[in-house]
Amino acid sequence: MSQGTLVKRQVGHRARLALSPAGVRSADDQAHAARTLWNLLHAWWRMMPKEKRTLGHADAAIRQARQDIDFLAVLPAQAAQAVLKTYFRAWQNCWEGHADAPNFKSRLRTVMSVDVPQGRDLNITRVHRRWGMVNLPKVGRVRFRWTKDLPVGKHAGAENRITGARLVKDVLGWHIAFRVQTLQAEPAPHRGPDVGIDVGVTVPLALSHGETYEHGAWLTGKEKARLLHWEQRAAQRKQHRRPGERTSRRLHRTYDRIAGLRAKAKRRALDWQHQTTTAIARTYGTVVVEALTITNMVTSARGTLEAPGKNVAQKAGLNRSISGEAWGRTVTLLTYKTARHGGTLVKVPAPPHTSRRCSACGFTTPGSRQSQAVFVCKNEGCGWEGNADHNAARNVLHLYRMGLALVPAAGRAVVRRAKRVKPAAAR
């Protein structure tokens, strides 16, 4: 909804909570109660006839369940209503074809979370530069890491305010995700140059202007050694388990240590992606990427018993490297960040041999890509030489300037041939 040059935006901000042991137990109980309420609601939905599957009947059933089951009383009433609304919204998404039908939530595979639907219940205050305080229903006043300015106090208003929050637990502990509504000026069109991006494993991001964005290992040498130690320890302890025997607490603690190190690596990778995509969105007006089908790229080469695959171990390692780079998440971040800065993200088809085609003459000559990093055109009369990733990024940008773009239509992508775009240098 826009008001002149001002636009309402819904953004999120996640911060780490500093809960006491009693607060952790209270938050865990609320999360388990919310999951149990979801399962009870799902069982009620499947049991009742269609004419009684309404919001009013479900609300009455939840109120009765909270009176009969003491365990559900630890969940605040507002959070229970949020579970009901989320469940009905899940069915609407299913009927509209956006998602599968909702199902039971298991204890071990479900993310523990509790919703705080009303922002006025939070009563957020800033203590000092590093910490803030928030009021959590049935938990109390809790500190959280202040890493971003929030619209609280005199900075809050009808248009700039916190509309709610959600408590989420991962292997690093409990976090709070604020839902922030702001009124921002609509960005002016970005006048920056066009750029093509080629994604890879050796070089994560290569730009058509010759710039590359690379990163090192997400874990240090000591952390890698510690991770290997705990993985070996978990394998040894798992060997002593009998079939059907309950997992010991010692093995659970080992799994928690492994998950903590992997979560630390993922958090560092996400931070690098955010910083890199922000720099690209601020610099370039049009960002062109390939529409890659990543799920097909990471399929296993194992094959079947009749036709076994070749180089299965090497393909499995490549699949892990592709998944670790999270190319789809990079495109998602670039999509909303370019729009926030007034730019545009364009997807072009991914034709075969993009990295083998010469970006100078346009011919695909065998033997031109001599290695992972060196490209030398073997076409007579050309002889262009440069970085192979830089060459692929230039080919991606060339597809956009030729007028090819993928436009989503009816749930699928179609190729649109638009008016030919002149290079930025010729404008």
Size of the dipole of the chain about the Cα centre, Lys and Arg at +1 and Asp and Glu at -1 on the beta carbon, nothing else charged, in debye to 20?
1000 debye
Given the rule -39500 (n - 2.57) for each run of at least 4 DSSP H residues, summed and divided by the residues of the chain, what is its mean residue ellipticity at 222 nm, to the nearest 500 deg cm²/dmol?
-12500 deg cm²/dmol
Within region 293-355, report the trypsin sites (Lys or Arg not before Pro) that DSSP leaves as loop and that have at most 13 other Cβ atoms within 10 Å.
302, 310
Looking at region 214-326, what % of the alpha carbon pairs are farther apart than 26 Å?
47 percent
How big is the gap, in Å, between the Cα center of region 348-373 and the Cα center of region 11-25?
50 Å
Among 284, 88, 134, which residue has its Cα positioned farthest towards the positive end of the charge dipole of the chain, with +1 placed on the Cβ of Lys and Arg, -1 on the Cβ of Asp and Glu, and the dipole taken about the Cα centre?
134
With bins 20 Å wide starting at 0, give me the P(r) of the chain over every alpha carbon pair, in whole percents.
18, 47, 31, 4, 0
Between region 43-70 and region 162-189, the alpha-carbon center distance in angstrom
31 Å
Alpha-carbon Debye profile of region 1-91, log10 I(q)/I(0) at 0.11, 0.12 Å⁻¹:
-0.46, -0.53
For region 82-134, what value does the Rg/Rh ratio take when both radii are computed over Cα atoms and Rh is the Kirkwood radius, given to two decimals?
1.17
Counting only Cβ distances under 4.7 Å between cysteines, those in the chain with no partner are 94
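Only Lys, Arg, Asp and Glu count, each charged at its Cβ (+1, +1, -1, -1), so figure out the dipole size of region 1-186 about its Cα centre, rounded to 20 debye.
Dipole of region 1-186, to the nearest 20 debye: 540 debye.
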Under the definition of Cα pairs under 8 Å and six or more residues apart, what whole-number percent is the relative contact order of the chain?
14 percent
Taking Rh as the Kirkwood radius computed over C-alpha pairs, what is the Stokes-Einstein D of region 152-230 at 10 °C in a medium of viscosity 1.306 mPa s, expressed in µm² per second?
87 µm²/s
Can you tally the net charge around residue 303? Count Lys and Arg as +1, Asp and Glu as -1, for every other residue whose Cβ sits under 15 Å from the Cβ of residue 303.
+2
If you average the C-alpha positions of region 290-314 and of region 91-142 separately, how far apart do those two centres end up, in angstrom?
38 Å
If each K or R counts +1 and each D or E counts -1, the residues other than residue 10 whose Cβ falls under 13 Å of its Cβ total +4
Using DSSP, restrict attention to beta bridges with both residues in the chain and report what percent are antiparallel, rounded to the nearest 5.
85 percent
For residue 343, what charge total do you get from the other residues with a beta carbon under 11 Å from its beta carbon, if Lys and Arg give +1 and Asp and Glu give -1?
+3
Average projected area [Cα convex hull, region 1-186], square nanometres:
13.0 nm²
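Each value in this text was obtained by applying a stated rule to the coordinates, not by laboratory testing. Being a predicted model, the structure only gives us computed values, none of them experimental. Ideal geometry is used to build each Cβ from the backbone, glycine not excepted, and the neighbour counts take in all protein chains shown.
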